[in-house]
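**Q** Right, I'll just put the structure down here and ask away after.
Just so you know, all these numbers are worked out from the coordinates, no wet-lab data involved. Fair warning: this is a prediction, and the values are worked out from it, not measured in the lab. Note that we place each Cβ from the backbone using ideal geometry, even for glycine, and neighbour counts take in every protein chain shown.
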Amino acid sequence: MKKKTDKVETGIRPRENFMQHILRDINHQMFPGGKDEEDFRIWELFEMFEARYPMEVIRRLQRFVLAQLLLTDKDKRSVVDSVTRRNDNNFTDEDAGTLYDYAVMSDKRLRLKYGCGS
């Protein structure tokens, strides 16, 4: 008979490595409502940009902006510069600023931390 040992609760699912756990946690911070919330936000941005950019580019950049805001203390100018310097898009400064403003306005924690997109 095998002896049972007390399991320490780590929040890590079986067969999930530490990095996967961290990424899952960050994803939950970005979109607490899950995939439905993410899809809704990306669709709103797609409409705001009048379909000038593919949805997957918007999704990737919105995640990038949210990660910058949730994990660092970058200001709007720094985030906009980071978006426009990336080689995987052709966002203008204005559109990158819209991504920033939308991210801040869509998340209560970010509104408290950064104010109304300024």
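**Q** Restricting to the range 39-59, count the residues that are surrounded by 16 or more Cβ atoms within 10 Å (Cβ to Cβ) and not β-branched (Val, Ile, Thr).
**A** The number of residues fulfilling the criteria is 6.
**Q** Here are some residues: VAL65, VAL80. Which one is β-branched (Val, Ile, Thr), more than 14 Å from LEU110 (Cβ to Cβ) and surrounded by 14 or more Cβ atoms within 10 Å (Cβ to Cβ)?
**A** VAL80 is the lone residue from the list that is β-branched (Val, Ile, Thr), more than 14 Å from LEU110 (Cβ to Cβ) and surrounded by 14 or more Cβ atoms within 10 Å (Cβ to Cβ).
**Q** Here is a follow-up. Can you tell which of ARG63, ARG41, ARG59, ARG111 is touching a residue at least 60 places away in the same chain (Cβ under 8 Å), at negative phi and in a helix (DSSP H, G or I)?
**A** ARG41
**Q** So which of ASN89, ASN27 is assigned to a loop (DSSP other than H, G, I, E, B), surrounded by 14 or more Cβ atoms within 10 Å (Cβ to Cβ) and not hydrophobic (A, V, I, L, M, F, W, C)?
**A** Among ASN89, ASN27, only ASN89 is assigned to a loop (DSSP other than H, G, I, E, B), surrounded by 14 or more Cβ atoms within 10 Å (Cβ to Cβ) and not hydrophobic (A, V, I, L, M, F, W, C).
**Q** Okay, next question. Which members of the range 66-86 meet the condition of being over 18 Å from LYS113 (Cα atoms), outside any loop (DSSP other than H, G, I, E, B) and either touching a residue at least 24 places away in the same chain (Cβ under 8 Å) or polar (S, T, N, Q) (or both)? Before you say what the answer is, go through the steps one by one.
**A** Taking the range 66-86 first, the residues over 18 Å from LYS113 (Cα atoms) are 81-86.
Now restrict to residues that are outside any loop (DSSP other than H, G, I, E, B): 81-85.
SER82, THR84 - these are the residues of the range 66-86 that are over 18 Å from LYS113 (Cα atoms), outside any loop (DSSP other than H, G, I, E, B) and either touching a residue at least 24 places away in the same chain (Cβ under 8 Å) or polar (S, T, N, Q) (or both).
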